[in-house]
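K.L.:
Attaching a single structure in structure tokens format; questions to follow.
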Amino acid sequence: MNTHDFPRGFGSYREVHTQPGACLDDPFCPPTGWNGGRQEYVALMQERWNDMDWGQCLRLNVAIAMNNAVTADGPFADVAADLLSQLLTQRGGIADIKVIKH
């Protein structure tokens, strides 16, 4: 994975994009041309959580979401928000996630 060889700004970690190909350095964003459904999206997130590079980005998203409001948009915004909420709860945090459906 070479999509995020450059750092994302702090504010961008407070935005979760799930439209395939929309934001390739966002760990919640599926790759361009991706056609999976809800189950496949969850599997992609599990795969990325276990990947060294993507996992670091996801963990940073969780850490930032511990004390900051987050927005999630795109076709899998609700799934991403649920996953992020679960990860926050496991770490003693409370989710403040606004879901924006397009």
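The values are calculated or read from the model by the stated rules, or taken from the named source; none is laboratory data. Since this is a predicted model, take the numbers as computed values, not measurements. As a convention, Cβ positions derive from the backbone with ideal geometry for all residues, glycine included, and neighbour counts pool all protein chains shown. All accessible areas refer to the heavy atoms of the entire protein, side chains included, with ligands and DNA or RNA removed. Shrake-Rupley method; radii C 1.70, N 1.55, O 1.52, S 1.80 Å.
K.L.:
What is the packing order of peptides 47-59, 69-81, 23-35, taking the mean over residues of other C-beta atoms within 10 Å and listing the highest first?
P.N.:
Per-residue mean Cβ counts within 10 Å order the peptides as 69-81, 23-35, 47-59.
K.L.:
Which whole-number percent is the relative contact order of the chain (Cα, under 8 Å, 6+ apart)?
P.N.:
28 percent
K.L.:
State to the nearest 20 debye the size of the charge dipole of the chain about its Cα centre, where the only charges are +1 on K and R beta carbons and -1 on D and E beta carbons. Can you show the working numbers first?
P.N.:
Values: 8 positive and 12 negative charges, 51 e Å.
Result for the chain is approximately 240 debye, rounded to the nearest 20.
K.L.:
Still on this structure: Extending each Cα 7 Å along its Cβ direction at GLN86 and GLU15, get the distance between those two points in nm, one decimal.
P.N.:
2.7 nm
K.L.:
Also, I was wondering about something else. Calculated from the structure, Kirkwood radius over Cα pairs in Å equals which of (i) 14.4; (ii) 13.4; (iii) 17.7?
P.N.:
Evaluating Kirkwood radius over Cα pairs in Å on these atoms matches (ii).
K.L.:
Quantify, in whole percent, the carbon and sulfur part of the accessible surface of the chain (1.4 Å probe; protein heavy atoms only).
P.N.:
Of the solvent-accessible surface of the chain, carbon and sulfur hold 51 percent.
K.L.:
Could you state the accessible area per residue of the chain in Å², with a 1.4 Å probe and every protein chain left in place?
P.N.:
Accessible surface, normalised per residue, equals 56 Å².
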